Amino acid sequence: MNTAAPHPASAPAARRAIAAALLLVAGVLVLGRAPLGGALAALSTLGALAIGPRITAGPLAQRLFLLILFGLGIATALHLPHDASDNALGRFWLAATLGLLFPAAGRLCLHAPEGGVIVTTSLALLALTTAGKAPLGPAYSAAVVAHLLLVLLALRAADPGRPAWREIPRRSLAIGAALLLLGACVGVGLSRLLPPLAVWSQAQLLGTDEVMTGFGERLWLGSMEGMLQSDTLVLRLEALDPSSPTEGPNDAEPRDPLATISHLRGVVYDHYERGRWTNATRLDVVPAPPASPGATRTLRATLLHGSRDRYFLPLGADRIAPRDDAATIDRFGVLRLPIGDATAVDFDPKPRPASALASPPPSAPPAPQDLDVPPELRPDLERLVASWTSDAQSPAAKVTAIADHLQRDYTYSLSFTRAQGTDPLLDFLLRGRSGHCEYFATATVLLTRVAGVPARLVVGYQVAERSPLGGHALVRERDAHAWAEVHLPTRGWITLDATPASATPEPRSTPFFAALQERLASAWASLTTALTDHLASTLAGLAAVLTAPVAFRMLRRLRKPPRPRPALRSPEEPPPPELTRLFAHLASLTQGSITRAPTETLERFAQRLAKAGHTAASEAITRYAALRYGGIGEQTTVLAALTAATTSRPPASSHAPNRPEDRPLKPPAT
């Protein structure tokens, strides 16, 4: 009985490797805050692996089956609960991932899937690509590497002509491993080089070095509302030397340096017009002063996610030492990077009286635009200032009175409506009396300007969360905040936050498992940073290691004459004796008129035999070709058919037309 060999795409090893790759995609979905989608993807993959290749269908039926699974995956994603946070996978990308993953898993149930392993692994790779639209960080890079390795294993397991590992020369294995390592290094290098190169190219084409981020050069009242509802981790603030804390108010008792940090500045605005904050003039930046490498500093701010074109520092930060040589500083004292790749910066929370290091100025002195008020708003604002500061004489007293009225008479809320056709600030002050931090900060700046005190609007983060593992501070998107900075004659620029106390975040502790995840991510980031910092030297060393043997062999060739190479052995496997005897038998039957040409395929030769009447020989040769080149059939059965065809009788001769049986029948006489 003829038993068909398993299809290469149905080989158990190939199916297991493909299933592992699909389970990896399911894990990426879980990391992308789509746990139900990941669970369904994993269940479908395990179910298909358990069922096995039991479905036999033609090409049309297979395509219809995969189309049904594609629609089922999309419909499932659209009906699953969805996490709408910024660091979660979007519903569109979840639908695309399940729409690709379900058909890939369904192909594991097909006996001979159309396109084989290549189509299945391509679907899995596309599913991994769409699942990576969520910001997963280094975990996604590790998933991509593991996925590609599984795909290579599946392709190798599905190749019927693959040699065993022990049959591959060690030299070939070493060269292959070196090429893979070199390719990985080149890929990592390009991933580090291309993003800043793209930003630089954009800056050259557009004629600007502005990097558009969440903290851009313009701010509309209400644009921070989405940030205030996000839990994304953006910054870590830690003490560099806990044994040497800063001094207390009376320089007598030491205290925690992190306790002195409440506001981290990210961007400063000085011009308001119709609900939008900008800057009156272009922010000219200058290189930040170099920092002494031997100096010690108290705190370190590390950017984790979000806006990465600037550093977030408190007002009056001293001895600033960014890790990036390209750091610049604008006239407001904000430290920035033109290519948007900020990592970490060391600093002291307040100026040291005996500091011997040059530090950038905390902020420029007051300018005429720091007292500018839109003419259409001035009459209403002047009436409010006159009413609120009637008993105040000094600038400090006026500023305090304005802040007290805002905190006492207005409420903080993320849910409110603004009247159409009027300035949103006037609607907040005169009608609604409800808004979030941007409205309170804008009102503080313009009212203090009317009172004759220079003021600016600042956007950044508040510091309120501490991790139980390490005691460092963590800052999230929902800690984004807007406040005012006012300039008093005796104190200079100071922070003035008139947002009601009810909106000020209470000191909180990070949950244990969230803190543990953050520490593991921090350790992984430190490792990858250490590797990428030495990327150039690592690539140079690998290139030297890979090119050294080639150079050595070239030198040996120059010193010695080349040795004659042995003749290449043909890798072609010789035909079995049964086939050779069949060819000789056919040649003897036909006196040499039916022989196989040197360039003729077995299938073509079998067709000629069938036309000549040698049916048994034609069928036997066809079955042998299917076994040798397609892996279909059983060897003993095919060889037995070749032997039987050798002993078969020749077909009846066709050159005796006068035989009675060959004469045409005549119609009966009428």
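When T448, T495, T490 are screened for being part of a strand (DSSP E or B) and in the same structural domain as L384 (by TED's automatic domain parsing), only T495 passes. Pairs are defined by a Cβ separation below 9 Å, a sequence spacing of at least 6 or placement on different chains, a first member in segment 40-52 that is without any contact (Cβ under 8 Å) to a residue 60 or more places away in the chain and farther than 19 Å from A77 by Cα, and a second member that is of a type in the set (S, T, Y) and crowded, with 20+ Cβ neighbours inside 10 Å; the pairs so defined are G52/S10.
Among the residues of this structure, A19 counts as one that is crowded, with 20+ Cβ neighbours inside 10 Å and over 28 Å from T232 (Cβ atoms).
Go through (1) within 33 Å of the chain's Cα centre (by Cα); (2) aromatic (F, W, Y); (3) not in a strand (DSSP E or B) one by one and return the number of the condition Y439 breaks. Going through the list (1) within 33 Å of the chain's Cα centre (by Cα); (2) aromatic (F, W, Y); (3) not in a strand (DSSP E or B), Y439 breaks only (1).
Listed here are the residues, each with its yes/no results for (1) of a type in the set (D, E); (2) in contact with a helix residue (DSSP H, G or I) (Cβ under 6 Å, 6 or more places away or on another chain); (3) surrounded by 13 or more Cβ atoms within 10 Å (Cβ to Cβ); (4) at pLDDT 90 or above.
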| position | (1), (2), (3), (4) |
| --- | --- |
| A473 | no, yes, yes, no |
| A484 | no, yes, yes, yes |
| A501 | no, no, no, no |
| R508 | no, no, no, no |
| Q517 | no, no, yes, no |
| S522 | no, no, yes, no |
| S526 | no, no, no, no |
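Among the residues of this structure, E477 does not count as one that is charged (D, E, K, R) and out of contact with any helix residue (DSSP H, G or I) (no Cβ under 7 Å at 6 or more places or on another chain). If we scan segment 409-423, do we find a residue that is closer than 22 Å to V268 by Cα, surrounded by 19 or more Cβ atoms within 10 Å (Cβ to Cβ) and either in the same structural domain as P500 (by TED's automatic domain parsing) or modelled with pLDDT under 80 (or both)? Scanning segment 409-423, I find at least one residue that is closer than 22 Å to V268 by Cα, surrounded by 19 or more Cβ atoms within 10 Å (Cβ to Cβ) and either in the same structural domain as P500 (by TED's automatic domain parsing) or modelled with pLDDT under 80 (or both), so the answer is yes.
Do the conditions hold for A597, that is, is it at pLDDT 70 or above, assigned to a helix (DSSP H, G or I) and either of a type outside the set (S, T, N, Q) or touching a Cys at 6+ places or on another chain (Cβ under 7 Å) (or both)? Taking the combined requirement at face value, the residue does not satisfy it.
Considering segment 561-594, and only residues there that are among the aliphatic types (A, V, I, L, M) and outside any loop (DSSP other than H, G, I, E, B), the residue that is modelled with the lowest pLDDT turns out to be L589. Only one entry of A11, A75, A57, A4 meets the criterion of being within 30 Å of L627 (Cα to Cα), over 21 Å from the mean Cα position of the chain (by Cα) and at pLDDT 80 or above, and that entry is A57. Residue count for segment 153-179 under the criterion of being modelled with pLDDT of 75 or more and outside any loop (DSSP other than H, G, I, E, B): the result is 15. Counting the residues of segment 22-52 that are more than 28 Å from the chain's Cα centre (by Cα) and not in a helix (DSSP H, G or I) gives 1.
The values are calculated or read from the model by the stated rules, or taken from the named source; none is laboratory data. Just so we're clear, the structure is a prediction, and the values are computed from it rather than from any experiment. Please note: Cβ atoms are built from the backbone with ideal geometry, for glycine as well, and neighbour counts cover all protein chains shown.
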